[in-house]
């Protein structure tokens with residue numbers, strides 16, 4: 001069994017059930033932090049098919065990328081890392097542009113450093129190799 005993810009009708013990921021289900025659950029858990037819906041849906045009658053609304057997902061993922069890059073809290077950043085890198089790979093495959101501008105996070109630690117784009121790029125390269133389409 002596997003899950004199917006498509007962005008605006010374009011296939012972007014075909015993971016096994018474990019990672020696919022975990023990704024959708026984590027995305028829903030982070031909706032309040034992002035302050036917007038994830039854009040990930042479930043096809044009625046087919047719980048393994050996840051059409052993604054590109055515009056909504058780009059806004060959702062962009063908000064999480066911004067939070068990831070802005071926070072200087074190491075635990076906050078570590079908890080976001082997997083979902084953010086996975087979402088960024090899906091966005092790139094779906095030809096979506098993520099804003100993700102770094103700002104200040106409510107979870108900053110004085111003297112801590114925010115995550116730069118290099119770390120996210122490294123994770124995306126690693127994850128993309130492990131994400132079958």
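The values are calculated or read from the model by the stated rules, or taken from the named source; none is laboratory data. Computed from a predicted model, the values in this text were never measured in an experiment. Note: ideal-geometry Cβ built from the backbone for every residue, glycine included; neighbour counts use all protein chains shown.
Picking from residues in segment 1-32 that are part of a loop (DSSP other than H, G, I, E, B) and crowded, with 18+ Cβ neighbours inside 10 Å, the one that is nearest to the chain's Cα centre (by Cα) is 30. Pairs are defined by a Cβ separation below 9 Å, a sequence spacing of at least 6 or placement on different chains, a first member in segment 30-51 that is free of Cβ contacts under 8 Å to residues at least 40 places away in the same chain, and a second member that is surrounded by fewer than 16 Cβ atoms within 10 Å (Cβ to Cβ) and assigned to a loop (DSSP other than H, G, I, E, B); the pairs so defined are 31/37; 42/48.
Filtered by the rule that a residue be under 13 Å from residue 83 (Cβ atoms) and touching a helix residue (DSSP H, G or I) at 6+ places or on another chain (Cβ under 8 Å), segment 14-55 gives 23, 26, 27, 30, 31, 33, 34, 38, 40.
Filtering 133, 89 for residues that are closer than 19 Å to residue 15 by Cβ, surrounded by fewer than 19 Cβ atoms within 10 Å (Cβ to Cβ) and either modelled with pLDDT of 95 or more or in contact with a strand residue (DSSP E or B) (Cβ under 7 Å, 6 or more places away or on another chain) (or both) leaves a single hit, 133. Pairing each residue of segment 71-85 that is without any contact (Cβ under 8 Å) to a residue 60 or more places away in the chain with any residue that is crowded, with 18+ Cβ neighbours inside 10 Å and in a loop (DSSP other than H, G, I, E, B), provided the two are 6+ apart or on different chains, yields C-beta distances under 6 Å for 71/105; 77/71; 77/115.
Selection of segment 59-74 for residues being buried (at least 22 other Cβ atoms within 10 Å of the Cβ) and part of a helix (DSSP H, G or I) yields 60, 61, 64, 65, 67, 68.
Taking residue 77, is it more than 24 Å from residue 133 (Cα to Cα), touching a helix residue (DSSP H, G or I) at 6+ places or on another chain (Cβ under 7 Å) and buried (at least 18 other Cβ atoms within 10 Å of the Cβ)? For residue 77, the condition - more than 24 Å from residue 133 (Cα to Cα), touching a helix residue (DSSP H, G or I) at 6+ places or on another chain (Cβ under 7 Å) and buried (at least 18 other Cβ atoms within 10 Å of the Cβ) - is met. So which residues in segment 33-43 are closer than 19 Å to residue 54 by Cβ and either under 12 Å from the mean Cα position of the chain (by Cα) or not in a strand (DSSP E or B) (or both), if there are any at all? Of everything in segment 33-43, those that are closer than 19 Å to residue 54 by Cβ and either under 12 Å from the mean Cα position of the chain (by Cα) or not in a strand (DSSP E or B) (or both) turn out to be 34, 35, 36, 37, 38, 39, 40, 41, 42.
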